[in-house]
Amino acid sequence: MSTAYRNRIQEFKVTLSEENINLKTLRELCFNGIPFEGGIRALCWKILLNYLPLDQTLWESFLKKQREVYSQFLKEMIIQPGIAKANLGLSREDVTMEDHPLNPNPDSRWNTYFKDNEILLQIDKDVRRLYPDMAFFQRPTEYPCQLILDPQNDYETLRRRVEQTTLKAQTVNRNRSGVTNVSSPGKALNLYPSNEYEVLPSGSEAHWEVVERILFIYAKLNPGIAYVQGMNEIVGPIYYTFATDPNSEWKEHAEADTFFCFTNLMSENRDNFIKSLDDSQCGITYKMESVYSMLKDKDLELYLKLEEQNIKPQYFTFRWLTLLLSQEFLLPDVIRIWDTLFSDQDRFHFLILVCCAMLILIRESLLAGDFTVNMRSLQDYPISDVHTILTKAKELQDNS
């Protein structure tokens, strides 16, 4: 470790040791990257995502309350209607004439259960393939959720719910554009070959199962948006950062802390996932066009070339913007980009600057290429050095 890097870590420690953290100072430090050592990154993200208050004296009581709230969400939302919750003091409720699995009433608990299963199947399919090139998400967590796995409890794991789901007849796949694809029963029953994922012993759960639970609870609490494909790519890096925190006291609560940080981030980013808002000023279409507006201002020649080839921003910036570049780079590089995004006061405007910088950095090949070559470059971005990209984005910001 170089002396300069050690000094940088010390700067963070000094800033984070203040009783009242100076957000402006912290943002300036984080903008150029946050050290992993000592759990500094995980702690800074919790502050930058407006989860932890700036007053450190409030942390202990605040965290205790938030984690209790999350436990309550688990109790209330990961349930199977009609099954007793003995530990909550409720007596067994049998299937009744008023509420039974074929009850068409939208308020029926069974109806809700089956609708939830549709969402759960989509989440399950997406989280199982989260960062397939990394073993992390398939490995068991050191801190499985005891509330769910305790044999004394009547709660079932989401994994078992997927396996036992009554929706085996079809797999509902709702993509971002609202198109619903229904696959045949044969395909649905063989979604996951038995050898694709290691079966963990009883009492263990993989990290992907924790991510699944976070997304399911988010969908239950936000029925207006529920779950849309791609949210898994946003929650993944946050959970990974918190679940690899070298400080075990924080790592133990990675699930609850990720849930609240993801919720806060989605409160700023959720309009990108709501199709009815696409053409509004807060929707994704406006943001995609903003990338081209900025490019027109910064590099008119390149802008005209893309226009001439009819390469529309939605062909590539849709994924860049909605998923915060999480699919364009390797996970460590995504995390480094997010250090800067989260620390910028106007984080989503800075994301547009980053997208514009990505275009300008490959301008020579774009100016020389035809439609096919250029589309390939834009959909499989050729530069992997994120430091170069962030430096260029900052330069564009400073010259605005």
Ignoring ligands and nucleic acids, what accessible area does HIS349 show with a 1.4 Å probe (Å², nearest 10)?
80 Å²
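Checking the table LYS312/LYS392; LYS115/LYS251; LYS13/LYS251; LYS64/LYS115; LYS65/LYS125 against a 27 Å threshold on Cα-Cα, which pairs fail? All intermediate terms of the calculation are to be shown ahead of the outcome.
Working: LYS312/LYS392 23 Å; LYS115/LYS251 33 Å; LYS13/LYS251 19 Å; LYS64/LYS115 32 Å; LYS65/LYS125 32 Å.
Cα-Cα > 27 Å for LYS115/LYS251; LYS64/LYS115; LYS65/LYS125; rest within.
Any idea what the dipole of the range 275-399 comes to, in debye rounded to 20, about its Cα centre with Lys/Arg Cβ at +1 and Asp/Glu Cβ at -1?
Details: 13 positive and 19 negative charges, 42 e Å.
Dipole size: approximately 200 debye.
Which percent of the accessible area of the range 275-399 is formed by carbon and sulfur heavy atoms (probe 1.4 angstrom)?
Working: 2810 of 5670 Å².
That share works out to 49 percent.
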Could you order GLU249, GLU68 by accessible surface area, starting with the largest, using a probe radius of 1.4 Å?
GLU249, GLU68
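Just the accessible area per residue of the range 275-399, please: how many Å² with a 1.4 Å probe? Before the final figure, lay out each step's value.
Details: 5670 Å² over 125 residues.
Using a 1.4 Å probe on heavy atoms only, each residue of the range 275-399 averages 45 Å².
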Given LYS46/LYS296; LYS220/LYS287; LYS24/LYS75; LYS46/LYS75, which pairs have Cα atoms separated by over 30 Å?
LYS46/LYS296; LYS24/LYS75
Point-to-point label distance, ASN310-MET77, nm (Cα→Cβ direction, 7 Å offset):
4.4 nm
Would you check the accessible area of ASP398, probe 1.4 Å, heavy atoms only, in square angstrom rounded to 10?
100 Å²
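Can you work out the FRET efficiency for the pair MET375 and ASN222, with r the C-beta to C-beta distance and R0 = 56 Å, to the nearest 0.05?
Numbers: r = 34 Å, r/R0 = 0.61.
Here the calculated transfer efficiency is 0.95.
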What FRET efficiency comes out for ASP398 versus SER61 if R0 is 35 angstrom and r is the Cβ-Cβ distance? Round to the nearest 0.05.
0.30
So what is Rg over Rh here for the range 270-400, counting just Cα atoms and using Kirkwood for Rh?
0.93
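The values are calculated or read from the model by the stated rules, or taken from the named source; none is laboratory data. What you are looking at is a predicted structure, and each value in this text was computed from that prediction instead of being measured. Methodologically, a virtual Cβ is constructed for each residue, glycine included, from the backbone with ideal geometry; neighbour enumeration extends over all protein chains shown. Calculation scope for accessible area: heavy atoms of the full protein, side chains included, ligands and nucleic acids excluded. Shrake-Rupley method; radii C 1.70, N 1.55, O 1.52, S 1.80 Å.
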